[in-house]
Amino acid sequence: MVNVNRRVAIQKTAATIGALSVAPQLMAQSAPVRIGYAISRTGPWTGGAQVSQEPNYLLWAEQQNAAGGLDVKGAKRRIELISSDDRSDTETVVRTYEKLMGSDKVDLVLPPWGSNANFAVAPLANRFQTPSWRPPRCRAA
């Protein structure tokens, strides 16, 4: 009886050690969280978007990835940002977000810069059932 219990204990210990040695590799191989956004890199909205919004998105993603990524249902997943220039044009904003949520199948979208662009994109997020979220303001360390 003692030998059976000892054998089970050794098997459990070996399984635990094996799982712990593989876990970091599995985490590194997990799919990233794909987060999309369009931002004004050209046109009249560029000044506001490039000063007040995109740097925050980039810094937030960098800080999250440095900390191991986002916690998604108990698993850490790195952030992959997918972005493009909306050319300060509401129609381009809508087409870009439609592509991000439709064919690109991002997990989450970050809002565009400006009220008009946000109002134009809101119905798309609802239609595609894609969450839209604004990360907290980040401060450089």
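The table for this structure:
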read-out: Yes/no for Gly69 being touching a Phe, Trp or Tyr at 6+ places or on another chain (Cβ under 8 Å), of a type outside the set (A, V, I, L, M) and under 20 Å from Pro32 (Cβ atoms); value: no
read-out: Yes/no for Ser132 being modelled with pLDDT of 90 or more and of a type in the set (S, T, N, Q); value: no
read-out: Matching entry among Leu100, Leu124 (being among the aliphatic types (A, V, I, L, M), touching an Asp or Glu at 6+ places or on another chain (Cβ under 7 Å) and assigned to a helix (DSSP H, G or I)); value: Leu124
read-out: Strands (runs of 3 or more DSSP E) within segment 30-89 that include 2 or more residues hydroxyl-bearing (Ser, Thr, Tyr); value: 79-85
read-out: The listed residue being at pLDDT below 95 and not basic (Lys, Arg), out of Gly36, Gly47, Gly43; value: Gly47
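The values are calculated or read from the model by the stated rules, or taken from the named source; none is laboratory data. A quick note: this is a predicted structure, and the numbers were derived from the prediction, not measured. Positions of Cβ are generated from backbone atoms using ideal geometry, with glycine treated the same way; all protein chains shown enter the neighbour counts.
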